[in-house]
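The values are calculated or read from the model by the stated rules, or taken from the named source; none is laboratory data. Keep in mind it's a predicted model, so treat the numbers as computed, not measured. Here the Cβ positions follow ideal geometry from the backbone for every residue, glycine too, while neighbour counts run over all protein chains shown. Areas reflect the complete protein model, heavy atoms only, side chains present, ligands, DNA and RNA absent. Shrake-Rupley method; radii C 1.70, N 1.55, O 1.52, S 1.80 Å.
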Amino acid sequence: MGFSSAQNPWPRRPLTSAELMRQQMRVTEQSDHRLRKTLTRTLAGQTGKRSETIILPLELLRHLKPSEFNDPHEYHAWQKRQLKILEIGLILYPSIPIDKANSFMIRLRDIIRAGELKAIDTSKNSDMMRTLCNSIVSLCWRSSNGAPTTGCHWADGYPLNVHIYTALLRSIFSTRDETLVLDEVDELLELMKKTWSTLGFNKPMHNMCFAWVLFEQYVVTNQVEPDLLRAAFTMLSEVENDVKKSNRDETYMKILSSMLVVMQNWAEKKLLNYHEYFNRGTIGGIDNLLPLGILATKILAECRRIETEEGKKGDVKGSDSSGNRIDHYIRSSMKSAFARINDNVKNATMGGRGEAYENLLQLAKETEDLAAQERELFSPILKKWHTTAGSIAAVTLHQCYGEVLKQHLAGTKMLNSEIVGVLQRAAKLEKVLVQMVVEDFDECGNGGKVIIREMMPYEVDTVTIRLLGQWIDERLKKGKKLLLSAKKTETWNPKSKTELYAHSAVELMALIKETVNDFFEIPIGVTEDLILDLAEGLEKIIEEYIIFVASCGSKQNYLPALPPLTRCNQDSMFSRFWKRASPCGVRVEDMHQLMTTKYQHPSPSTSIGTQCLYVRLNTLHYLITHIHSLDKTLAVSPRVLSRSRLSSRKQNVTSFSYFEQANQSIQSACEHVSEVAAYRLIFLDSSLVFYESLYAGSVTSSRLRPTLRILKENLTVLTTILTDQAQALAMKEVMKASFEAFLMVLLAGVPSRIFNRSDYEMIEEDFDSLKRVFCAIPEDVIQKEAEKAEGVISLMGQSTEQLIEDFSIVTCETSGIGFIGIGQKLPMPPTTGRWNRSDPNTILRVLCHRNDRTANLFLKKSFQLAKRNL
C-alpha cells in the first residue's frame, strides 16, 4: 500500500494474527483468558454455530462468575460495561428502529437500570437472568418487517459499529512509532474482515473507515508523515468509486458526509491560509494536501447531490468545482498574508500622519515582495489545478492594497507631495501585478482577460479629483457645523458700534472666503465642474443661513385682534353713569395726560427686539456684499481649465451669478424682515402712543401730533442702526405699517373711539401729517401706499344716510342678492382685513364708529349689534 513499515518488535516465535491483534489492542492476558473461556463454553455442544450469531456480551454475562474476578466491585464494574454495550446496541442505537412500547426493550432497560445499583444475579436459576436472555435474544433476532430472519443484530447499529471497527483499524499502527504501519497490516485487515457480518459492515463501509483512520492518524501524529496523507487520499479514491455505485445505504451516506465535512474543514483551514502553514522548506506539503481537500470536496458535493435528489435539503458549500475552490483558497490566503504584513507595518511605526504615508510606501514594497514569493513558490503548484493561479493572486493583492490606499485617502483632505508619492508607488506596484497577469495569458487564454477586468486601476487623476471632491465636502461640513452653532448661540447683537451685523455672518463668510482661496491653492488644474460643485454647496449653506436670519415670525404676530362689531351709544344715561362709577382701568383722561407728557419729552419707543430685527436686516445686506465678491473671485480665476458648461448657462442670462438662487432668497428675506420689524415697531413698541391712544375719547382731544414726534424719534433710531442699503426698504415698510395702524384706529378702535362726520377734516389733516413724516420716500411710492387709507378716510366725510345706501348696494352686489325684498335683511359682510372704500365690511365699521342716532338705529335693526361698553 506504499506505507512506511515498522520491524516486528517480537523476534521470537512469529505471532499469529490474533495474538498480534491482542497486543496491538492492549488486551490483557486475563481478559483474553476470560474471553476464550466464554467462547469455548458457548460453542461446546453447538457444532456448526456461526460466530456472527453469538451475542458476545450476553455470553460473557452468562458464563463469567463473580469468583473469576478479584473482588465484587471489579465484577460489578465489568458487568455494567457489558450491560452498557447491550443498551447502546439494542436500545439507544439499534440497526433496526425499535418501538418505544416494545415489552422486551422495556424489560431490558429495567434490568440495566437495576444493574447500575448492584450486580444482577446471572446464575442459571435466576429469573432476572432468564428475562434478560429472552429480552436480548428477542431484540437481536428482530427484522424490519416482522418476518423471520437469519441475522443477529446487536452490534451493527451506528455509531457503535463504527466505533468498534475504527478501534480495530487503529491496531495497524506501530505502538513504538505511531506514524508507521505494521508489516502484518494485510493479515490484520483480513482478520478484521471477519467482523463485518457482526458489525453490519461491507467493503464501502470499510473503505470509508479506513480512509478516516489513516487521515486521523496523520493529524494526531503532528502531520510529520506524508505517506499517511497519501494513503488516506488513496482510500478516499476508493470511497469515490463506492459513492458512484447505485446501491447506497442512507446510514452510510450520513456517516460519509460527516466524515468528509471534517476532512474538508481541516484541509481548508490550511489551504485558506497556506502562506501561514507552508514555507520554502515545507512547500511539498501543499502538494499532498490539495488533492485530499479537492477530492473530499468533490465527494461531498456528490453526497449533497444525492441527498437533493432524494428530497433532502443539500448544503451547497461543497458544490464548487475544483477550480473554484482553488480560486477561493488563493484569494483567502493572499488576503490573510496581506493583512499580516499590513499589521506588521503598522506596529513598526505607530506614528502620526507623516508616518502613515511612510507606512503606505513600505506596505507597497512588501506587497511586491509577497507577489514575488507567490510567483516563485506557490503558483507553480497551484497552476496544476488552476491555470490562472498567478493571476488570481495578483488581482487579490491589487485589490487588498487598493482598499488600504482607499481607506487612507478617505481621510485626506488636500493633495500634497506625500500623497503624490504614495500614488506613484501604488502605480509601480500595479505595474508589477499586471505583469503577473499578463504572464498567465499564454496558458489560460481568455481566462486571463476575465481576471484582469477585476483590477480597478489606481488612476491618479481620478483619485485626485475624488480627493478634491472630498475636500469640498469637508469644507461644506465645516460650514454646516458653523451654521448649526449660530442657530444655537446667535443673539443678534451687533458685532460692534461700527459693524452692526451678526457675528455669525462674519464667521460664515470668512470661512467661505477661506474655502474659495484654499480651493484655488490646490496644485492641480481646476475644472469648471468642480467650481460649480463648490459654488452649489456654498450656496446651499448661505441659503440655509438666510432662512435662519429670516426666521423672525410674521406681521400677524403683532396685529391686534379685531374687536367685535358694536354700535356707538356714547350719549346714553347708562354710559355716563358707567364712566363715573368705574374705578379701574386706564381712563381716557389719564391717556391724554400720558400723551401730553410724551409730547413734551419725546423719546424713541424702539424696543431691543426691534433693534435685533434691524441687525438681521444689516446681516442680510452684509451677505449681499460678500456674495458679490465671491462671485467675482470664482468667475475670473485663471486656474479654471474650461468654461464650456458655464457658457451654456450664460446663454439666456444677461448677468450670470454662481449664487443666483441665494441672491433671490436674500431679497425675499429683506422684504420679510423689514415688514416684521415695521409691524413690531408700530403695533408693539408704539402701541401705547399710536393704536391705543390716537383719537381715544374724541378726535379733538387726541390728535396725531404727539404720536408723530415719537415716530420721528423711532425713525432716527432706525437710520442710526440700519446701513444705508437697508434703510429705504425698512422705511417703506414702517410707512405701510403706520398707514395700517391709522386705519385700524378708524375701523377697529372700539371701545374708546367714536367719530362724528365733522371729524373728517381733522382726520384727513392728521393723515397728511403722517405722510409727510416719510418725505424721504419718493412721492409716487407714498401716494400709492396711501391711496387705500385715503379712500377709507373719505368715507368719514360722508353722511350717515349715504353710508347706509352705499353699504346696502355694495353688500347686495358682493353677496349676489341683487336687491333686498320686503321683509329681507342685509347679510353680515365677512371681515377680510383688506380695508378699502368699496369693501362692505369697511363701510359697516365706519357706521359702527359713527356717533349718530340714524347709524345706531340702522345697526340695531339690521344686525342687532350690541351697544358698546365705554
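Suppose each label sits 7 Å from its Cα in the direction of the beta carbon; what would the Asp177-Ser123 distance come out to in nanometres?
Roughly 5.7 nm, to one decimal.
Can you list residues whose amide H is under 5 Å from Asp183's amide H, if they're 5+ apart or on another chain and H is modeled 1.01 Å from N?
So Asp183 has HN proximity to Ala6.
Which of rounded, prolate or oblate describes the stretch 36-100 when judged by the alpha-carbon gyration tensor and an a/c cut-off of 1.5?
Oblate shape, in that a/c is at least 1.5 and b/c is the bigger or equal ratio.
Accessible surface of Ser752 in the full protein assembly, 1.4 angstrom probe, to the nearest 10 Å²?
My reading of the accessible area for Ser752 is about 40 Å².
How much length, in nm to one decimal, is gained on full extension between Leu361 and Ile777, taken as 0.36 nm per residue of separation minus their Cα-Cα distance? Each step should come with its number before you reach the end.
On the way: separation 416, 0.36 × 416 = 149.76 nm, distance 7.09 nm.
Between Leu361 and Ile777, full extension yields an extra 142.7 nm.
Step through the table entries Lys788/Lys860; Lys270/Lys384; Lys335/Lys383, compare each Cα-Cα distance with 22 Å, and write down the pairs that go over it.
Beyond 22 Å: Lys788/Lys860.
With the cut-off at 30 Å, tell me which of the pairs Lys495/Lys555; Lys495/Lys540; Lys825/Lys867; Lys118/Lys194 have Cα atoms farther apart than that.
Lys118/Lys194, as the Cα separations exceed 30 Å there.
How far apart, in nm, are the 7 Å Cα→Cβ label points at Glu761 and Lys784?
Placing both labels 7 Å along Cα→Cβ, they lie 3.4 nm apart.
Using only helices, what value at 222 nm comes out for the chain when you add -39,500 (n - 2.57) per DSSP H run of length 4 or more and divide by the total residues, to the nearest 500 deg cm²/dmol?
-21000 deg cm²/dmol
With a sphere of radius 15 Å drawn around the Cβ of Pro563, what net charge do the other residues whose Cβ falls strictly inside it have (Lys, Arg +1; Asp, Glu -1)?
Neighbourhood net charge equals +4.
Heavy atoms of the protein only, probe of 1.4 Å, neighbouring chains included. What is the accessible area of Met731 in Å², nearest 10?
Rounded to the nearest 10, that gives 30 Å².
Residue by residue through the stretch 705-715, which ³J(HN,Hα) values in whole Hz follow from phi under the Karplus form 6.51 cos²θ - 1.76 cosθ + 1.60 (θ = phi - 60°), with glycine and proline marked x?
Here the 3J(HN,Hα) series is 3, x, 5, 5, 5, 5, 4, 5, 4, 5, 5 Hz.
Extension gain Leu484-Asp249, at 0.36 nm per residue separation less the Cα-Cα distance, in nm?
Stretched out fully, the Leu484 to Asp249 stretch lengthens by 77.3 nm.
Based on the mean of other beta carbon atoms within 10 Å per residue, what is the order of 475-481, 543-549, most packed first?
My ranking of the peptides, most packed first, is 543-549, 475-481.
May I ask you to rank His628, His398, His328, His76 by accessible area, largest first, using a 1.4 Å probe over the protein chains only?
Correct descending sequence by accessible area is His628, His328, His76, His398.
Can you compute 3J(HN,Hα) from phi for each residue in the stretch 198-206, using the Karplus curve 6.51 cos²θ - 1.76 cosθ + 1.60 with θ = phi - 60°, rounded to whole Hz and x for Gly and Pro?
3J(HN,Hα) across the stretch 198-206, in whole Hz: 5, 8, x, 9, 8, 4, x, 5, 4.
What is the sum of charges, Lys and Arg at +1 and Asp and Glu at -1, for the other residues whose Cβ falls under 9 Å from the Cβ of Glu276?
Counting the neighbours of Glu276, the net charge comes to +2.
What distance in nm lies between label points placed 7 Å from Cα along the C-beta direction at Lys384 and Asp724?
Using points 7 Å along Cα→Cβ, the separation is 9.3 nm.
Hey, can you grab everything whose amide H is under 5 Å from the amide H of Val526? Only 5+ residues off in sequence or another chain; H modelled, so Pro and N-termini drop out.
Distant-sequence amide H within range of Val526: Leu641.
Return the label of the correct value of Rg and Dmax of the Cα atoms in Å, as calculated from the structure shown, out of (1) 56.8, 188; (2) 29.9, 110; (3) 52.8, 154.
Given (1) 56.8, 188; (2) 29.9, 110; (3) 52.8, 154, the structure-derived one carries the label (3).
Got a sec? Which residues in the stretch 790-819 would a label at Ser838 touch, if it sits 7 Å along Cα→Cβ and we count backbone N under 12 Å?
Only 810, 814 fall inside the zone, counting backbone N under 12 Å.
Sort 340-346, 492-498, 177-183, 298-304 by the packing proxy (mean of other Cβ within 10 Å over each peptide's residues), most packed first.
Highest to lowest by the protection proxy: 298-304, 177-183, 340-346, 492-498.
To the nearest 0.05, how large is the calculated FRET efficiency for Leu532 and Val450 if R₀ is 35 Å and r is the Cβ-Cβ distance?
Rounded to the nearest 0.05, the efficiency is 0.35.
Once you have the Cα-Cα distance between Trp141 and Ser687, take 0.36 nm times their residue separation minus that, and quote the gain in nm to one decimal. Could you put the intermediate results ahead of the total?
Numbers: separation 546, 0.36 × 546 = 196.56 nm, distance 11.34 nm.
185.2 nm is the gain from fully extending Trp141 to Ser687.
What percent of all Cα-Cα pairs in the stretch 8-134 falls into each 5 Å bin, going from 0 up to the bin containing the maximum distance?
Using 5 Å bins, I get a P(r) of 2, 9, 16, 19, 18, 15, 10, 6, 2, 2, 1, 0 for the stretch 8-134.
Taking the Cβ of Cys848 as the centre, find all other residues whose Cβ is under 9 Å away and add up their charges (Lys, Arg: +1; Asp, Glu: -1). List each step's numbers first, then the result.
On the way: positive: Arg567, Arg845, Arg850, Arg868; negative: none.
For residues surrounding Cys848, the net value is +4.
Expressed as an acute angle from 0 to 90° and rounded to the nearest 10, what is the orientation of the C-alpha long axis of helix 779-796 relative to the principal long axis of the chain?
70
Using θ = phi - 60° and the Karplus relation 6.51 cos²θ - 1.76 cosθ + 1.60, list the HN-Hα couplings for the stretch 60-67 in order, rounded to whole Hz, with x at every Gly or Pro.
Listing the rounded values in order: 5, 5, 6, 9, 9, 9, x, 5 Hz.
Shape of the stretch 186-259 from its Cα gyration tensor (a ≥ b ≥ c, root eigenvalues): rounded if a/c is under 1.5, otherwise prolate when a/b > b/c, or oblate?
oblate
Just to verify a number: what accessible area does Leu538 come out at with the full protein assembly present, 1.4 Å probe, Å² rounded to tens?
Rounded to the nearest 10, that gives 10 Å².
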